[in-house]
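For reference, the structure discussed in these notes is given below.
Laboratory data are not the source of any read-out in this text; all were calculated from the coordinates shown. Everything quoted here is computed from the prediction, not taken from an experiment. Because the Cβ atoms are built from the backbone with ideal geometry, glycine has one as well, and the counts that use them run over all protein chains shown.
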Amino acid sequence: MAQLTTQSPMKLMALQLLLWHSALWTGQEAALLVPASSLTPPLSRSFLLKSLEQVRKIQAKGSALQEQLCDLYKLCHPEELALLGHSLGIPRAPLSSCSQQALQLTGCLSQLQDGLLLYQGLLQALVGISPELAPALDMLQMDVSNFATTVQQQMEDLGVTPVLQPTQGTMPTFTSAFQRRAGGVLAASYLQSFLEQAYRALRYLTQ
């Protein structure tokens, strides 16, 4: 009986400490998410909705290009081409400023535009990939260009001067048809991943 009386306060203290740590951790997690309503300068809702529509449009055409590459050339798994992509120097665009944990509107817009211009240049480098894929590639490139223009217009409306990053030096040089097709698979895959991050950020900002 005396043992139970001795242990009870200890158990109660341990439980209180556990609850305190849990509340502290939950508060820290909540603090990591930047409330969309507190971000400045505010983005226009028309821009956000138009951007979401453009992202979905590019994603659909990117998926169609991937399916064609798979059907025509049996290049169906981007992960199997990762080493080749590294040796060819196929770049990936970052979008860290658009994460909900560290969302910065001007930085996000800048990274979004830089990334779109990079992928536009990468798609341009794929010209000549094959006659069958040329129409799909052209349409995808045009949609990426249109989205980049939308982002640039929003930046100008906010008084943010776009800083265009040079992309010519980062573009790979393909020396064979296989390399170009493999580059197409990787470019489409990287673009899709980039757009998924952009879509999450844009959806968050519409809340």
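Taking the dipole about the Cα centre of segment 89-207, with the C-beta of Lys and Arg at +1 and of Asp and Glu at -1, give me whichever of S99, M139, V127 is farthest to the positive side.
Of the candidates, S99 comes out farthest on the positive side.
Quick one: Debye curve from the C-alpha atoms of segment 47-205, no solvent, what's log10 I(q)/I(0) at q = 0.09, 0.13, 0.14, 0.16 Å⁻¹?
At q = 0.09, 0.13, 0.14, 0.16 Å⁻¹ the computed log10 ratios are -0.28, -0.58, -0.67, -0.87.
What is the dipole size for segment 47-205, taken about its Cα centre, with +1 at each Lys and Arg Cβ and -1 at each Asp and Glu Cβ, in debye to the nearest 20?
120 debye
If the cut-off is 16 Å between C-alpha atoms, which aspartates and glutamates fall inside it for K61, apart from same-chain ones fewer than 8 positions away?
Once the sequence-local aspartates and glutamates are set aside, what remains near K61 is E53, D71, E132, D138, D143, E196.
For Q100 and D138, FRET efficiency with R0 = 30 Å and r from the beta-carbon atoms, rounded to 0.05? Don't jump to the answer; show the numbers that get you there.
Working: r = 34 Å, r/R0 = 1.15.
Between D138 and Q100 the formula returns 0.30.
Taking the Cα centre as origin and putting +1 on Lys and Arg beta-carbons and -1 on Asp and Glu beta-carbons, what dipole magnitude results for segment 55-124, to the nearest 20 debye?
Using only the charged Cβ atoms, the result is roughly 200 debye.
Which GluC sites (Glu not before Pro) in segment 59-167 sit in a loop by DSSP (not H, G, I, E or B) and have at most 14 other Cβ atoms within 10 Å of their own Cβ?
Passing both the DSSP loop test and the Cβ count: E132.
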